[in-house]
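A short write-up of the structure that comes next.
Where a number appears in this text, it was derived from the coordinates with a stated rule and is not lab data. Small disclaimer: the values here were computed from a predicted structure and weren't measured. FYI the Cβ positions are ideal-geometry reconstructions off the backbone, even for glycines, and counts take in every protein chain you see.
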């Protein structure tokens, strides 16, 4: 019988621990498919961060390093400088990257470090049970913004791609989503290009992936996909911010 | 051995690291240790290595974590306030069992404090400045020559035990120019780093470097492994200099810059008919308890002299274990204890 669907080699056989309806698993799969297609599993080192994906070093088949909260870009810098021939990626959530790790993500882009960041944005802290993140939407109820995020109290959501795309060292910057098949396919294309940009030695590349958190949003998986489309995308418009026409 | 060269302490640290095969330095400017970064910035290209000026001390130490994960000899350096910022990554590095070297050229605190020499980071270095049950090997040089030799040793100790080694000098040593004699080649401890995340090459299972162990049974087991390693280090790596301790009237405990002052005090005191001994810990952790035990009943009293409010004195008291009184004399804020005031303190104690 012909095989029509299989697990990418770059993923291990371990069952993932993510909640039902969470799109982390999809993003993992996309990264692994890209690693397979580029044939770089043996020369790739991934950096796990702190958040729901803290232990995804168990899910990827390439060498993996676990980093402190927010510090993955600095850790990746050290790894890449020792073995510039390797592909190095960080996998970070919005709490990790856009709050405690703001300095690290900005300066990895300032240096134009030749690494790739997969930035999973679900507008909330998932692992610690649904606190407000810098990316939380105006009006969004979380355990630390129980009356909804109010600009006069908690300020405004941070648009990471727009901010980083002002830096010349960030040569490929794109925001994608996981809310339907078409967008998932686009997400894969962006992730692949981000890795190719790195392999070509052009500079820092980042793909922001809008993702669900049904558990902490208090929505079912289907409602969650709709919530991305209807609530998140207006705040976080999809598209390429930098490097669309780069030849790789 | 080669010829003697006059060099600044901070530059000698960087030169020693290069000679020890460290090709990856990550730093952030802070007085009084920045010459270390200047030296690396200039020299690293010749060695085919990397010098990165990080955005913060936090990032610099995390870069060391990354470079060490990738199997390289890596180091960072800073001074007190910057070392405080590195504590998070130091704890992670200890738990992940990564070999790394951290240099602290101590300045006076607390807070932003001042930029002059002090020894006020002893607690932070030896009792665990970061969270969790871990230890740093802490080497305390007292001359520029020793800055060189102990920096080289730090890399070998780090690799041998997969642990962090700190070279702790002070602003005086870092800024001091003194003759130094380099060896023609350095003995480099060669070790298998098959655990490193260098890329699997599809030839082995993937390697993982981590400091998180969610299962309590596994984390306890990991802690026991770390403790066994620290016991091994204590057994093998404890270093101390004892001087003039036989029949001493009083034994002074001092390290680093202060130990140099004590050697002059010993000469002056001799003229007054007082025999002063010196126990100079070279490793602050592991602390040379045995040297104190050996001489515990020889003098009338012990005196710890430090450029702090009294930190190492606690370990001296533990080591002497009540057999003799242990006194303390210290200066703070960048003030250096003088021979005269130390001698006066000795005379008061012996009165």
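Here the scattering of the protein assembly as shown is modelled by Debye summation over its C-alpha atoms, one equal scatterer each and no solvent; at q = 0.07 Å⁻¹ the log10 of I(q)/I(0) is -0.49. Under the criterion of Cα pairs below 8 Å and six or more residues apart, the relative contact order for segment B:241-350 equals 30 percent. Rounded to whole Å, the principal axis extents of the Cα atoms in segment B:4-237 read 51, 38, 37, largest first. Measure nothing fancy, just the Cα-based angle from helix B:144-161's long axis to the longest principal axis of chain B, in degrees from 0 to 90, nearest 10. The two axes meet at around 50 degrees.
Relative contact order for segment A:23-73: 33 percent, from Cα pairs under 8 Å spaced at least 6 residues apart, divided by residue count.
Averaged over peptide B:192-199, the number of partner chain Cβ atoms lying within 10 Å of each residue's Cβ comes to 5.
In terms of its alpha-carbon gyration tensor, segment B:111-193 comes out oblate; a/c meets the 1.5 threshold, while b/c is at least as large as a/b. Temperature 25 °C, viscosity 0.890 mPa s: under these conditions the Stokes-Einstein estimate for segment B:1-103, based on its Kirkwood radius over C-alpha pairs, is 180 µm² per second.
Label separation (residue B:56 vs residue B:212): 1.9 nm, computed from points 7 Å beyond Cα along the C-beta direction. Just the number, please: percent antiparallel of the DSSP beta bridges in the protein assembly as shown, rounded to the nearest 5. Roughly 20 percent of the DSSP beta bridges within the protein assembly as shown come out antiparallel. Take each residue of peptide A:38-48, count the partner chain Cβ atoms within 10 Å of its Cβ, and average: the result is 4. Helix B:256-271 against the longest principal axis of chain B: what's the angle in degrees, Cα atoms only, rounded to the nearest 10? So the helix axis and the longest Cα principal axis differ by about 20 degrees. I'd like the distance between the alpha-carbon centres of segment B:299-336 and segment A:39-113, rounded to an integer number of Å. Taking the Cα centre of segment A:39-113 as reference, the centre of segment B:299-336 is 45 Å away. Quantify how much of the Cα-Cα distance distribution of segment A:176-248 extends past 16 Å, in percent. Across segment A:176-248, Cα pairs with separations above 16 Å total 52 percent.
Pairing the Cα long axis of helix B:9-19 with the longest principal axis of chain B, what angle in degrees results, from 0 to 90 and rounded to the nearest 10? Long axis of B:9-19 versus the principal axis of chain B: about 40 degrees. For segment B:1-53, the direction-averaged projected area of the alpha-carbon convex hull comes to 3.9 nm². Derived value for segment A:79-166: Kirkwood hydrodynamic radius 14.2 Å. Basis is the mean of 1/r over every pair of different alpha-carbon atoms. The modelled label-to-label distance between residue B:323 and residue A:37, using points 7 Å beyond Cα along the C-beta direction, is 7.3 nm.
Beta bridges assigned by DSSP with both partners in segment A:24-242 are antiparallel in approximately 15 percent of cases.
Per residue, the convex hull around the alpha carbon atoms of segment A:24-242 comes to 105 Å³. Take every Cα pair under 8 Å whose residues are at least 6 apart in sequence, average their separation, divide by the length of chain A, and the relative contact order is 19 percent.
Could you work out how far the C-alpha centroid of segment A:125-187 sits from that of segment B:32-83, in angstrom? What the calculation gives is 33 Å, centre to centre.
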